[in-house]
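Participant: I am attaching a structure below and will ask some questions about it afterwards.
Bear in mind that the values in this text are calculations on the coordinates, not laboratory data. These numbers come from a predicted model, not from an experiment. Cβ: placed from backbone, ideal geometry, glycine included. Neighbour counts: every protein chain shown.
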Amino acid sequence: MRVEQKDACACLSVNRVDQTSGMTGNSSFPRQARLLQPTQFSAVLLRRCYRKGHFVQVYVLKTEYCSARLGIIVAKRDLHRSVDRNFAKRLVRETFRTQRSTLPPLDYVVRIIKPISSPEAAAMRHELENLLVKPRSCID
């Protein structure tokens, strides 16, 4: 049983409990915390405000939404096997999910730029945490 609320900020309250999964709002990854439409992705990418690491590139855009939202881009030409693409997306989602309550209310698009093997997963997670916490100064 999910409680629907009209206010965008209230629907992402960290005290809300999602009764379908039993998880609190600060540890879940609800639909409202995702970029879903191509127009949402293009708005972030066209701003060209990003930071680049060894494994990922993080684009950011200031938003009027009250919580951080995430979009993930993984190209087939960069990660050929679907297993690798899914692994990379899972790592990004998990890192974002754990950091979401501490992040500023920005739209983030994470682009995977290098294949990630299992031994490199911890390094990629650490890099992504640093890139998410310290967004580029081009944000107004």
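Participant: In segment 30-133, what percentage of the DSSP-assigned beta bridges are antiparallel, given to the nearest 5?
Facilitator: Counting DSSP beta bridges with both partners in segment 30-133, the antiparallel share is about 60 percent.
Participant: Also, I was wondering about something else. Can you list the residues, at least 5 places off or on another chain, whose amide H is less than 5 Å from the amide H of L70, using H built in the peptide plane?
Facilitator: Sorted by chain and number, the residues that satisfy this are R34, L35, Y108.
Participant: Please give, to one decimal in nm, the separation of the simple spin-label points placed at Y65 and A123, each 7 Å out from Cα toward the Cβ.
Facilitator: Here the modelled spin labels are 3.2 nm apart.
Participant: Pairs of lysine in segment 30-133 with Cα under 15 Å and at least 8 positions apart or on different chains: total?
Facilitator: The number of close lysine pairs in segment 30-133 is 4.
Participant: Give, in nm to one decimal, the length gained when the segment between R77 and H54 is fully stretched (0.36 nm per residue of separation minus the Cα-Cα distance).
Facilitator: Working it through step by step, the gained length comes to 6.6 nm.
Participant: What list of ³J(HN,Hα) couplings, whole Hz, do you get for segment 59-72 from phi and the Karplus terms 6.51, -1.76, 1.60, once you set θ to phi - 60° and write x for glycine and proline?
Facilitator: Taking θ as phi minus 60°, the curve returns 9, 10, 8, 5, 9, 8, 5, 8, 9, 5, 10, 10, x, 10 Hz for segment 59-72.
Participant: From the P(r) of segment 30-133, can you give the percent of Cα pairs sitting at distances over 19 Å?
Facilitator: Of the Cα pairs, 38 percent sit more than 19 Å apart.
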